[in-house]
Amino acid sequence: MTFRKSHPLIKIVNSTLVDLPSPANLSVNWNYGSLLGLVLVIQLVSGIVLATRFSGHSDISFDSVISIYQDSNYGWLLRLVHSTGASFFFLFIYLHIGRGLYYGSYIYPEVWNIGVLIYLILMGTAFLGYVLPWGQMSYWAATVITNLLSAIPWLGSILVEWVWGGFAVGNPTLTRFFALHYLLPFVVTALVILHIFYLHLYGSSNPLGVSSNTNKVSFHYYYSVKDLYVYFVFFFIFMFFTLKYGYSFMDAENFIPANPLVTPTHIQPEWYFLFAYAILRSIPNKLGGVLGLVLAVMVLFLFSISSTQLLFSGTIYSPLARLTFWSLVSVFFLLTWLGSCPAESPYTEVALASTIAYFSLMV
Amino acid sequence: MAHLKATLAFGRKLVETGVVKGSASQGLNKALFPLSKYLKYGLLTDDLMKENEIVREALRRLPGDVFHERQFRLTRAINLSSGKSVLPESEWTTAEQDVSYLKPFVEQVVNEQKERDDWNAGKLH
């Protein structure tokens, strides 16, 4: 037997990346998984190197970011790569989830549920990371989001103060957020390994949604070369965005040091959270808004539960299902835009209607 | 609300009296059948059934020629899909050709499973 099939460690790599039987008709929509893996590695490497220069104390964290820009070798590049990488991470995860919804990938419940868990932890990681520079938007985003916990009956206010480490967002909050932001990506990595493990138990789905057992090809060279090609295309687009539009995703308020006495006029998160932010603000009741925010993501778990009853999954079977899917995409874009609008009429009414449409289409 | 209830009751009556067969979404899907993408690959509706334990058992019970015709359709469809092409329009699946060859076997397996479960639960003794 060849070395790659007999060595106890190499054979794991072989069965994942070389001799893995894959459907012959995978389209570019199946590249997002490997792209996500690449962006995860980029974020881990850039983040760990940044962490060697960053200081997680509220008095000096903002200045340490300036120091990274001005005093560290290529610190400016690392910081821009890390912040742009977060946006690309979410872009690819939304495309990856969209692919799953369109082609019915939720029929593999373990793969799907672990994927949704990865998404949830990623949202947490991104939120924690955004607080670290300790700019105005960092501070007030932390205040808004941690205050959501106070909506929980009975335990709410105790929970909030426990998370804060004090009576308001402050240095203890920043310190623990830094620790968690460093830890969670490794949890994500472990979950990604599990995600791929379960995927390889069943085998990849394909654009037609039919069994591909009659027509498989080996992962190498077909999809290893295809993935490598898409990596080069991604690298070009990524570096173009990082170097030319690196600040376009950043909020101007975050270039001002955090000031607990001055509230920004428009507190808003990064683009990838705007849809959830719109849902949170559209419901007039505080607890209702928090539940809406949580359910907006947790509703994804429903797909794997309901899929056990389905004989047909995905949208290739039904034009009506395709219409529903694209309506959901439109509502998602609408909610994202509404999240960036001020919380006043007519945006609040449209946001409420869009929230109802979002949950109706999902269910 | 009263208007909505009246409309739903009228719809149910149409179904009960047989004027309209099936639900609105079934009717809509039937009307939109020619727009289904899988027809362009020469696939039948039953080819799209996801393979769980029940469907795999039903596939095992298919007559040999029916099974091989299914395998041919699937292979041809995947080959077309990997080349980003479809069949010529004259070879697309029509409503008359879309015969339900697998569903009867699936129903047979489901009924047998139900009977087995009822027997084990003591309902049939």
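The values are calculated or read from the model by the stated rules, or taken from the named source; none is laboratory data. Since the structure is predicted, the reported quantities are computational estimates derived from the model, not experimental observations. Reconstructed Cβ throughout: ideal geometry from the backbone, glycine too, with neighbour counts over all protein chains shown. In case anyone asks, the SASA skips ligands and DNA or RNA and just uses the protein heavy atoms, side chains included. Shrake-Rupley method; radii C 1.70, N 1.55, O 1.52, S 1.80 Å.
Once the dipole of the protein assembly as shown is set up with Lys and Arg at +1 and Asp and Glu at -1 on Cβ about the Cα centre, which of A:PHE275, A:THR214, A:THR336 lies farthest towards its positive end?
Result: A:THR214.
Give the separation of the Cα centroids, the range B:56-97 to the range A:248-293, in Å.
Taking the Cα centre of the range A:248-293 as reference, the centre of the range B:56-97 is 51 Å away.
Using θ = phi - 60° and the Karplus curve 6.51 cos²θ - 1.76 cosθ + 1.60, what whole-Hz ³J(HN,Hα) does each residue of the range A:122-136 get, with Gly and Pro shown as x?
Going residue by residue, I get 5, 4, x, 4, 5, 4, 4, x, 5, 6, 4, x, 6, x, 4 Hz, with x marking Gly and Pro.
Using the Karplus curve 6.51 cos²θ - 1.76 cosθ + 1.60 with θ = phi - 60°, work out ³J(HN,Hα) for each residue of the range A:294-301 in order, rounded to whole Hz, and write x for Gly and Pro.
5, 5, 4, 9, 5, 4, 4, 5
Given charges of +1 on the Cβ of Lys and Arg and -1 on the Cβ of Asp and Glu, with all other atoms neutral, how large is the dipole of the protein assembly as shown about its Cα centre, in debye to the nearest 20? Could the numbers behind the result be given before it?
Details: 32 positive and 29 negative charges, 138 e Å.
Once rounded to the nearest 20, the dipole reads 660 debye.
Need the full-extension length gain, A:ASN213 to A:LEU91, defined as separation in residues times 0.36 nm minus the C-alpha distance. One decimal, nm. Intermediate values should be presented prior to the final figure.
Numbers: separation 122, 0.36 × 122 = 43.92 nm, distance 3.13 nm.
Contour length minus Cα-Cα distance gives 40.8 nm.
Run lengths n ≥ 4 of DSSP H only: what is the helix-derived mean residue ellipticity at 222 nm for chain A, with -39500 (n - 2.57) per run over all residues, to the nearest 500? Provide the component values of the computation, followed by the final result.
Values: 15 runs with 239 residues, N = 363.
Theoretical 222 nm ellipticity from helices: -22000 deg cm²/dmol.
In the protein assembly as shown, if the dipole is taken from +1 on Lys/Arg beta carbons and -1 on Asp/Glu beta carbons about the Cα centre, which of A:VAL49, B:ALA77, A:SER6 is farthest to the positive end?
B:ALA77
For chain A, report the accessible area per residue in Å² (1.4 Å probe, heavy atoms, rounded to an integer).
Values: 17990 Å² over 363 residues.
Accessible surface, normalised per residue, equals 50 Å².
Give, ordered by residue number, each residue of the range A:316-360 whose 1.4 Å probe accessible area is reduced by a minimum of 10 Å² on adding the remaining protein chains to the chain alone.
Listed in order, they are A:ILE316, A:TYR317, A:SER318, A:PRO319, A:LEU320, A:ARG322.
Quote the accessible area belonging to A:VAL18 in square angstrom, nearest 10, computed with a 1.4 Å probe and with ligands, DNA and RNA left uncounted.
40 Å²
What's the magnitude of the charge dipole for the range B:67-125 around its Cα centre, counting Lys and Arg as +1 and Asp and Glu as -1 at the beta-carbon? Answer in Debye, nearest 20.
Numbers: 8 positive and 10 negative charges, 53 e Å.
The dipole of the range B:67-125 has a size of about 260 debye.
Roughly how large is the A-B contact in terms of buried accessible area, totalled over both chains, probe 1.4 Å, nearest 100 Å²?
Values: alone 19180 and 9600 Å², together 26480 Å².
Separately minus together, A and B give about 2300 Å² buried.
Calculate I(q)/I(0) for the range A:19-259 by the Debye formula, one identical point scatterer on each C-alpha and no solvent, and give its log10 at q = 0.07, 0.14, 0.17 Å⁻¹ to two decimals.
The Cα Debye sum returns log10 ratios of -0.29, -0.98, -1.26.
Suppose we compare each residue of the range A:199-240 in its chain alone and in the full protein complex with a 1.4 Å probe; which ones drop by at least 30 Å² of accessible area?
For the range A:199-240, once contacts with the other chains are taken into account, A:LEU208, A:VAL210, A:SER211, A:THR214, A:ASN215 lose 30 Å² or more.
Considering amide H positions built from the backbone, and no H for Pro or chain starts, which residues 5 or more places from B:LEU43, or on another chain, come under 5 Å of its amide H?
B:THR93
Which value, in debye to the nearest 20, gives the size of the charge dipole of the range A:161-316 about its Cα centre, when Lys and Arg are +1 and Asp and Glu are -1 at the Cβ?
Details: 6 positive and 5 negative charges, 52 e Å.
It works out to roughly 240 debye.
If eta is 1.567 mPa s and T is 4 °C, what Stokes-Einstein diffusion coefficient results for the protein assembly as shown, Kirkwood Rh from Cα pairs, in µm²/s? Walk me through the numbers before you get to the answer.
Details: Rh = 26.0 Å.
The diffusion coefficient I find is 50 µm²/s.
Amide H to amide H, which residues 5 or more places from A:VAL217 or on other chains are under 5 Å from it, using H placed in the peptide plane?
Excluding prolines and chain starts, which carry no amide H, the hits are A:SER22, A:ALA24.
Return the carbon/sulfur percentage of the accessible area of chain A, one whole number, probe 1.4 Å, all protein chains in place.
So the carbon and sulfur contribution to the accessible surface is 72 percent.
Taking accessible area as the heavy-atom solvent-accessible surface of the protein chains with a 1.4 Å probe, which residues of the range B:70-87 lose no less than 20 Å² upon going from the isolated chain to the full protein assembly?
Correct list: B:GLN71, B:LEU74, B:THR75, B:ILE78, B:SER81, B:SER82, B:LYS84.
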